[in-house]
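Each reported figure results from applying straightforward, stated rules to the coordinates on display, with no laboratory input. Bear in mind the structure is a predicted one, so any value in this text is a computation, not a measurement. Positions of Cβ are generated from backbone atoms using ideal geometry, with glycine treated the same way; all protein chains shown enter the neighbour counts.
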Amino acid sequence: MAARHLIIGGGTAGMNAIRTIREEESEKSSITLVSAERPYSRMVLPYYLDRSIAESHVFTATARVLADWGVTAHLGKRVTALDTAANTCTLDDGTAIPYDDCLIATGSSAVRAPVPGADLPGVHSFWTLDEARGVIAQIQPGSHVVMVGAGFIAFTILNSILSLGAKLTIVEIAPRILPRMIDDTGAALVQTWLKDHGVTVRTGAKVARIEDAKGKKRLKFASGDLTCDVVIMATGIKTNLEWLKGSAVKVNQGIVVDDYLRSSVPNVYAGGDVAEGRDLISQKPAVHAIEPTAQEHGRVVGANMAGKNVRYRGSLIINIVEVCHLDVASFGAWDDAGAEAASGVKADRPAYRKLLWRGDRLTGAIILGRSGDIWTVNDVGMLKGLVQSGVSLGRWKEYLKKNPFDVKPAFIASKTTSTLLPETVLGRPSKAPGETPVAV
């Protein structure tokens, strides 16, 4: 009897798992996909928002593609229960689906701050395709948009909002913008850059409530009001795991997984935003709700479902955004207070580097610079490589401490490229498109 694989969730982790199963299996298996939405890429939603792409280009797999892959799809359905003793899941329409192993990759949802009026019409989140449609319908040239929250989520759509001809105000309760991505020095440079590009930023500002105001929205603060046309709540996300309550699957911040991405129930895997696995730098459990981690999780789980024995090395936290042609990025343990650190600032460019070490290994970095500067683009990749590889820098550590803007000599001398080139998620060279339309 063919192995029965169940994939719960049609996002990045789920789709990568399906593709990898088909590439790695020795005998054709049965794959069933359950997804509340048609499979699509959340990463391209900002381009959909600014009309760079049509909605049809958001989707990652059509019904035809799923059929070609031999996938039985239950789209528009949700799993309501997982019986790990009987190896059966139940859908919201009562359908029972048996499985031999399954991947839980149900992703995350936007969380709105507990502010009175946050559920009013004209107050939006921006995390799913449906939410993106709501924002698109509201923003017109000349609209005043207030974004509540100045974290990574907000900054992924900042450019798109401005490109639509809207006026933008960002409100953040923390003392600085991007509080979970960069430090005070970097945040100050980005805030100045935003001001120079016509964006108003209010930090240390707590919204007391949101009210209707003659077709507009009024945000009430302790120190006055702010009236606008559209409010976008970018105040965080939560894992979609409520339906697992009462199951045998252990959940902490996410589903606790081992180095093979298996949960506490050996034939139940987890990947993407819902998985709590090894952090590459700290080696401690962490939830990394980022696209690269979801891709890697999907590949590792898919290979293991196909009968391989692939160990996941751990997830590297990566955050990269482009803000009005200014690149901002951080990698690894960029906020490690116990690490040895060195930094450099060129405020007139603006440009910023901060490097963090444990011993002679680079464990975290922050980089900021103009998108058009070739050294910014190159250094983003090289700093990520140094952090990811964990190569010993030896005497080059002292060089980088004195010259944080000259990364290339240390990158070449440490042979980081030769360290990373053989390192693939599945332990084998990438395969060109064959039975699947993408390389895996």
Partners for Lys397 among aspartates and glutamates (Cα-Cα distance below 12 Å; same-chain residues under 8 apart left out)
Glu340, Asp360, Asp406
Calculate the length of the line joining the C-alpha centroid of region 61-133 to that of region 165-230, in whole Å.
32
Please list, ordered by chain and number, the residues whose modelled amide H lies under 5 Å from the amide H of Ile170; skip anything fewer than 5 residues away on the same chain.
Met147, Thr200, Val201, Arg202
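If you filter region 268-347 for trypsin sites (Lys or Arg not before Pro), then keep DSSP loop positions with at most 15 other Cβ within 10 Å, what is left?
Loop-located and lightly packed - Arg311, Arg313.
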Coil-residue GluC sites (Glu not before Pro) of region 25-100, DSSP, other Cβ within 10 Å capped at 14:
Glu27
Do the sum for the chain: with -39,500 (n - 2.57) for every DSSP H run of n ≥ 4, divided by all residues, what is the mean residue ellipticity at 222 nm, to the nearest 500 deg cm²/dmol?
-7000 deg cm²/dmol
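What fraction of the Cα pairs in region 208-250, stated in percent, has a spacing above 15 angstrom? Please list the in-between numbers first.
Details: 542 of 903 pairs.
Tail of P(r) above 15 Å: 60 percent of Cα pairs.
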Selection of trypsin sites (Lys or Arg not before Pro), region 215-270, meeting DSSP coil and at most 10 other Cβ within 10 Å
Lys245
Among Glu276, Glu340, Glu296, whose mean-square fluctuation peaks in a Gaussian network model of the chain (Cα, cutoff 10 Å)?
Glu340
Can you put Met305, Met1 in order, fewest other beta carbons within 10 Å first?
Met1, Met305
26 Å Cα-Cα reach of Lys206 towards lysines, excluding residues that sit fewer than 8 places from it in its own chain
Lys167, Lys195, Lys214, Lys216, Lys217, Lys220, Lys238
To make sure I understand, if each residue's beta carbon is the centre and we count other beta carbons within 10 Å, what order do Ile412, Ile170, Ile237 fall in, fewest to most?
Ile412, Ile237, Ile170
Pairs of alpha-carbon atoms within less than 8 angstrom and 6+ residues apart define the contacts here; what relative contact order does the chain have, in percent?
15
Compute the FRET efficiency between Ala413 and His325 as 1/(1 + (r/R0)^6), taking r as their Cβ-Cβ distance and R0 = 41 Å, and round to the nearest 0.05.
0.85
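Suppose the chain between Leu75 and Leu120 were pulled fully straight at 0.36 nm per residue; how much longer would it get relative to their current alpha carbon spacing?
13.3 nm
Stretch Arg361-Asp406 to full length: gain in nm at 0.36 nm per residue minus the Cα-Cα span?
On the way: separation 45, 0.36 × 45 = 16.20 nm, distance 1.67 nm.
Once the chain is fully extended between Arg361 and Asp406, it gains 14.5 nm.
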Starting from the amide H of Ile31, placed 1.01 Å from N in the peptide plane, find each other amide H under 5 Å away whose residue is 5 or more places distant or on another chain.
His5, Thr72
Run the paramagnetic zone check for Asp83: 7 angstrom along Cα to Cβ, then residues of region 90-113 with backbone nitrogen under 20 Å.
90-104
Setting aside same-chain residues fewer than 8 positions from Lys28, which aspartates and glutamates have a Cα under 16 Å from its Cα?
Asp68, Asp100, Asp101, Glu435
Once you put a point 7 Å from the Cα of Ile53 and another 7 Å from the Cα of Ser392, both along the Cβ direction, what distance in nm separates them?
4.4
Counted charge near Glu340, where neighbours are those whose Cβ lies closer than 12 Å (Asp, Glu -1; Lys, Arg +1)
+2
Does anything in region 302-333 have its amide N under 20 Å from the 7 Å Cα→Cβ label point of Thr185, and if so which residues?
319-321, 326-333
Taking the dipole of region 325-420 about the Cα centre (Lys, Arg +1; Asp, Glu -1; charges at Cβ), the one of Trp334, Leu383, Asn403 that reaches farthest to the positive side is Asn403
